[in-house]
Amino acid sequence: MLEHGPGAIHYPRWLDAAAQERLAFEIAAAIARAPLFVSRLPKSGLPMSVRMTNCGPLGWMSDKDRGYRYEPAHPETGTPWPPIPSMLLDAWAALTGYPKPPEACLINVYSDNAKMGLHQDRDESDFDAPILSLSLGADCRFRLGGQKRGDKTVAFTLSGGDALVLSGPARRFFHGVDRILPSILTPLPQQLAGLGARVNLTLRRVT
DNA sequence: AAGTAGCC
DNA sequence: TCGC
């Protein structure tokens, strides 16, 4: 367990290899029902480099005209998001202790050259609930800042099987992914191989 | 600016 | 490559 800031708790290798395989199987099934899509930045319409989908009652997305938001259904198929796998609900309970279950699980798929700019998670109403992030596949250089964009940042590596909880002050901290590290020795489990180099799952309360 | 480029 |  490593604390990278007040409320930012990193659990390296929280999932063992067998658990990562089981999770990959569940996520591959979710992607089969809710295909990956590309969100676009508000106003500019520039595409994000990650491909994403969701499971749970609500899913995060963005497009040029309507911007960042949560939706109950897939933007292309119109179908409700598939349920959050039970092992993720268990992970949420074990790692956050929060009394209510997560309402959204964003599935972000990173290719070798995908990035995620520094941002705050601020499209939710519930800022008391922690955020739980689980990683699969390639390592990434993750950057964590403070509550203001200009605050100093720290960078560390997130690896497959790692969990990161952002609670308390860290719930509002800026964060992003600088780059994906070489993935030859840390491939995604077979069930997700071919989709990308790294998969990140972000569980949140929304309402 | 949940992006991209450029420079140190 | 990293951090601005």
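The values are calculated or read from the model by the stated rules, or taken from the named source; none is laboratory data. Bear in mind that the values here come from a model prediction, so they are computed numbers and not experimental data. Every residue, glycine as well, gets a Cβ built from its backbone with ideal geometry; the counts of neighbours run over all protein chains shown. Heavy atoms of the whole protein, side chains included, go into the accessibility calculation; ligands, DNA and RNA do not. Shrake-Rupley method; radii C 1.70, N 1.55, O 1.52, S 1.80 Å.
Using a Cα-Cα cut-off of under 19 Å, which lysines could be cross-linked to residue A:43, ignoring same-chain neighbours fewer than 8 residues away?
Those lysines meeting the cut-off are A:64.
Can you give the accessible area per residue of chain A, in Å², using a 1.4 Å probe?
Values: 9630 Å² over 207 residues.
Per residue, chain A has 47 Å² of solvent-accessible surface.
What number, in nm² with one decimal, is the all-direction average of the projected area of the convex hull of the alpha-carbon atoms of chain A? Please report the intermediate quantities before stating the final value.
Values: hull surface 42.2 nm².
For chain A, the mean projected area of the Cα convex hull comes to 10.6 nm².
Taking the Cα atoms of segment A:27-134, what is the range of coordinates along each of the three principal axes, in descending order and whole Å?
39, 29, 28
Whats the longest run of chain A with zero chymotrypsin sites (Phe, Trp or Tyr not before Pro) that are DSSP loop and have at most 16 other Cβ atoms within 10 Å?
Details: sites that count: A:68, A:127.
Answer from the scan: A:128-207.
Please work out the C-alpha center-to-center distance from segment A:146-171 to segment A:1-53 and express it in whole Å.
Result: 15 Å between the Cα centres.
How large, in percent, is the carbon and sulfur part of the accessible surface of chain A at a probe radius of 1.4 Å? Before the final figure, lay out the partial values.
On the way: 5190 of 9630 Å².
So the carbon and sulfur contribution to the accessible surface is 54 percent.
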